[in-house]
1. Given a Förster distance of 41 angstrom, what is the FRET efficiency for LEU213 paired with GLU122, based on the Cβ-Cβ distance and rounded to 0.05?
2. If each residue of separation counts as 0.36 nm, what is the full-extension length gain between TYR227 and ASP177 once their alpha-carbon separation is subtracted?
3. Under a Cβ-Cβ cut-off of 15 Å, what is the net charge of the residues other than GLU198 that fall near it, where Lys and Arg count +1 and Asp and Glu count -1?
4. How much FRET efficiency would the formula 1/(1 + (r/R0)^6) give for ARG135 and GLU198, where r is the Cβ-Cβ distance and R0 is 22 Å, rounded to 0.05?
5. Quick check: residue separation of ASN107 and ASP79 times 0.36 nm, minus the Cα distance between them. What number comes out in nm?
6. Which shape class applies to the stretch 165-240: rounded if a/c is under 1.5, otherwise prolate when a/b exceeds b/c and oblate if not, where a ≥ b ≥ c are the square roots of the Cα gyration tensor eigenvalues?
7. Could you report the stretch 155-238's accessible area per residue, 1.4 Å probe, as an integer in Å²?
Amino acid sequence: MAAITSVSQLHSSLSSLYPNYRSSPLILAPKTNQDTTLCCLTVRSFTFSRRRLSSQSVPRGLIIQNAATKPAKSPAEEDWKTKRELLLQKRVRSVEAKEALRLQKENNFVILDVRPEAEFKEAHPPGAINVQIYRLIKEWTAWDIARRAAFAFFGIFSGTEENPEFLQSVESQLDKDAKIIVACATGGTMKPSQNLPEGQQSRSLIAAYLLVLNGYKNVYHLEGGLYKWFKEELPEVSEE
C-alpha cells in the first residue's frame, strides 16, 4: 500500500506542475527486492513545458521494471542455423526408423525419447528411455504468466517450457560414451531442400544439440521421428 500512496502523491504533484500529461501503464516494484511479484499500475506520463521535473520528486523506494522481462537466451533457444552447424561439425548422423531398430538390437544403441511423458506412456519403442526436453510451465513469475497468456490467446491451455533438468536427467541414466539415438514425434531434419535450405528444427534435434554441446560423443538422430517408427509398424510398447 505504501507504493500506491507514493504513486498517488507523485501523480498529484505532476498534475499541479504539468498540465500536459497522459495515462500510461507502468510496472513498479520495490527496489530492495528484485524477485517480488510485480504489480501493474496506471501512473501519469507528461510532457515538459518551461519547468523541468526534479529527480527529488520521484519516490526513491520505487523503480520501474518491465512486467515480463524475458530471461537470458538458453542454449536450446540458439538460432537453428547455429545448432545445425554444430550438429554437422560433430557428425551427428540421422538414421531411418529401421536402421535405428537395427542399431538398438545389434550395437547397444539406446533410444532417447524426448517427447512429453504422457506421449511416451501411450506408445514407445521397447527399451527406450524418456526424458522430456519440454515440460508444462510450472512457475508463476511475470514472464511465465505472460507466456501462459500468449498460449491461451491461441487456445492452448497447456503451454510448455524448456525442461531445466533435461541434461541432469540424461546424465543420471546415460554416460558420455553411451550410444544414443534421439527421437521425438516428427523428427525434423538436417537435410537441405528447396523449401527448407537448412532443414527443419525439431525437439529431437534440439536435444541432440544439447547433448553434443555437453560432451556426448555418440549421438544419432531419428529421421522422420517416431511417427515413421509407428507407421512402419516397428515394435512398440505402452504403459498404463
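1. Values: r = 30 Å, r/R0 = 0.73.
Calculated value: 0.85.
2. Numbers: separation 50, 0.36 × 50 = 18.00 nm, distance 2.75 nm.
Gain on extension, TYR227 to ASP177, equals 15.3 nm.
3. Values: positive: LYS81, LYS83, ARG84, LYS191; negative: GLU78, ASP79, GLU85.
With Lys, Arg at +1 and Asp, Glu at -1, the net is +1.
4. On the way: r = 27 Å, r/R0 = 1.24.
So, using R0 = 22 Å, E works out to roughly 0.20.
5. Values: separation 28, 0.36 × 28 = 10.08 nm, distance 3.28 nm.
Using 0.36 nm per residue and subtracting the Cα-Cα distance, I get 6.8 nm.
6. Values: a/c = 2.20, a/b = 1.14, b/c = 1.93.
Oblate is the answer for the stretch 165-240, as a/c is 1.5 or above yet b/c matches or exceeds a/b.
7. Details: 4340 Å² over 84 residues.
About 52 Å² of surface per residue is accessible.
The values are calculated or read from the model by the stated rules, or taken from the named source; none is laboratory data. Bear in mind that the values here come from a model prediction, so they are computed numbers and not experimental data. Here Cβ is always computed from backbone atoms with ideal geometry, including for glycine, and neighbour counts include all displayed protein chains. Surface accessibility is based on the protein's heavy atoms, side chains included, excluding ligands, DNA and RNA. Shrake-Rupley method; radii C 1.70, N 1.55, O 1.52, S 1.80 Å.
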